[in-house]
Amino acid sequence: MINSALFKEVFYQSRLPQVFGPIDLTTMVFNHAFTDFLGYSLEELQHLSVKDLSQEEDFIKDYYLLTQLIEGKIKEYQFQKRFYHKNGDIMIGQLQVSLIKDEETGQQYILGQVFDLTEKIAIEQRKNESEKKYRLLAENSSDFINLHAVDGTYVYVSPSISSLGYCPDDLLGEDPFQYIHVNDLEEVKRLYGKVVNNGESVLSTYRYKKKDGSYIWLESTIKAVSDEQSGEVTQIISVTRDIEQRMNTYELLKKSEKLAVVGQMAAAVAHEIRNPLTPIKGFMQLLSTGGTLNPAYSTIVLNEIDRIDSIITEFLTLAKPNMEKQEIISIDHLIKSVIQLLLPQAMLKNKEIYFSIPDINLTTFGDTNSLKQVFINVIQNALDAIEEKGNVHIKVYQDEQYACIEIKDNGCGIPSDRIPNLGEPFYSTKEKGTGLGLMTSFKIIEQHEGKINIESEEAKGTTVYIYLPIK
């Protein structure tokens, strides 16, 4: 039946499953690729008909189209057909059938070729099932699961957005930034830029406008979807949840903490003021009974009144630090002015202050008087900690995005177990210290978006690191 040796060679060596035979389908010949496709040997296939290998519906369709082909009504045909594998699996292939005519005899033959689609369709089915599951998850989740174009516009909005008064269709194609509170907009855009430009995942907290015009606190995890080949960001996914209750709880907690601190402070202030009041009251009672006014008593009374005044002043400063004038500040010049202020007192007690001038003039933004108060407090503490002929070294340098002011003394040092308590009200390593000065310093630096770290070793000295953002 197959007269051409070349045709036979091509037929059997082809990697495409093929079947060849007369138009009556009686003696069909299969190539090796067809045996791989259906799992049968060539010998087994010789004893099976096309009907044995096909699902009934597909065989009927195949037979009908074949009849149309033989009658010359169509030149060829193709359709997606299901085949039975030897192990019982259903194999899916794109069947293409055409007529071949032997020019010498005029006899016609059928040539069928199968393009295996089984794996491709299985992958598509798994993908579709996966998409259905994710869509089911998105449509029934209490979180707002949204898909955005790179510019941020909504491409998909989950039905849970209805809790904010919107329908998903209300937001499709809309710019989400127009719904974000103006005070939070800049930070949200900054984080969004990191997602688009760097492919980072970010967490953003902001206020979002509901349909009734009120605002609600939301928290979004924002992630980029990138093209596998180019790595280019193609879409953005945001998963958002309502954190209004959490924020309200946080505010209540902050208020309760403030009230607790106020209570502790009030008790501490009352205790600290009562101490100097005791000798004042004693001397006043002595005078009221006709005792003689001794000048030494007057000095003690005045000193104790000054102490009360100092405690009240520090307490008021702590309650409301001065942050009236915001300006660009040269840290180099600020430290120099503080050193000039404290140097005469240090020299009188035979103590030295050294200052290393930085290579560049580092600047920050804030209130000069507040920061000056911090450096006076810290440097004065260092001077108080050293004995005669001791020294304080001050160095300014850049540490990443911060200007670091390092204040190091060779004094008595602080026990390691006491360092974590520094900055608490009325906790001091000094005999008559209130701790309010250092606490005020911590608060001022925090308001300037900086931080304070303290390292110390007993009998060797203490180093205070003050970090201020470079502006």
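The values are calculated or read from the model by the stated rules, or taken from the named source; none is laboratory data. Note that this is a predicted model, so its numbers are computed, not measured. All Cβ positions, glycine included, derive from the backbone under ideal geometry; neighbour counts span all protein chains shown.
Results, tabulated for the structure shown:
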{"item": "Residue list for region 183-209, restricted to those being under 19 Å from V225 (Cα atoms) and of a type in the set (K, R)", "result": "K189, R190, K194"}
{"item": "From the options S142, S163, residue that is part of a loop (DSSP other than H, G, I, E, B) and either touching a residue at least 40 places away in the same chain (Cβ under 8 Å) or on the phi > 0 side of the Ramachandran plot (or both)", "result": "S142"}
{"item": "Selection within region 319-351 - acidic (D, E) and at pLDDT 85 or above", "result": "E327, D332"}
{"item": "Subset of region 101-112 that is in contact (Cβ under 8 Å) with a residue 40 or more places away in the chain and part of a strand (DSSP E or B) - its residue that is surrounded by the most Cβ atoms within 10 Å (Cβ to Cβ)", "result": "G112"}
{"item": "N369, sole failed condition from (1) modelled with pLDDT under 90; (2) surrounded by fewer than 17 Cβ atoms within 10 Å (Cβ to Cβ); (3) in contact with a strand residue (DSSP E or B) (Cβ under 6 Å, 6 or more places away or on another chain)", "result": "(3)"}
{"item": "Residues of region 140-151 classified as at pLDDT 70 or above and over 19 Å from the mean Cα position of the chain (by Cα), total", "result": "4"}
{"item": "Condition broken by R307, with the remaining ones in (1) closer than 22 Å to L383 by Cα; (2) at pLDDT 80 or above; (3) surrounded by 14 or more Cβ atoms within 10 Å (Cβ to Cβ) satisfied", "result": "(2)"}
{"item": "Extreme residue, farthest from Q107 (Cα to Cα), among residues of region 8-43 that are at pLDDT 90 or above and surrounded by fewer than 16 Cβ atoms within 10 Å (Cβ to Cβ)", "result": "G39"}
{"item": "Failed item in (1) on the phi > 0 side of the Ramachandran plot; (2) among the aliphatic types (A, V, I, L, M); (3) in a strand (DSSP E or B), with L25 passing the rest", "result": "(3)"}
{"item": "From the options F177, F115, residue that is closer than 30 Å to L16 by Cβ and at pLDDT 90 or above", "result": "F115"}
{"item": "Test: V188 is within 22 Å of H148 (Cα to Cα), touching a Lys or Arg at 6+ places or on another chain (Cβ under 9 Å) and assigned by TED's automatic domain parsing to the domain that holds D170", "result": "no"}
{"item": "Filter result for A382 (buried (at least 19 other Cβ atoms within 10 Å of the Cβ) and touching a Pro at 6+ places or on another chain (Cβ under 9 Å))", "result": "no"}
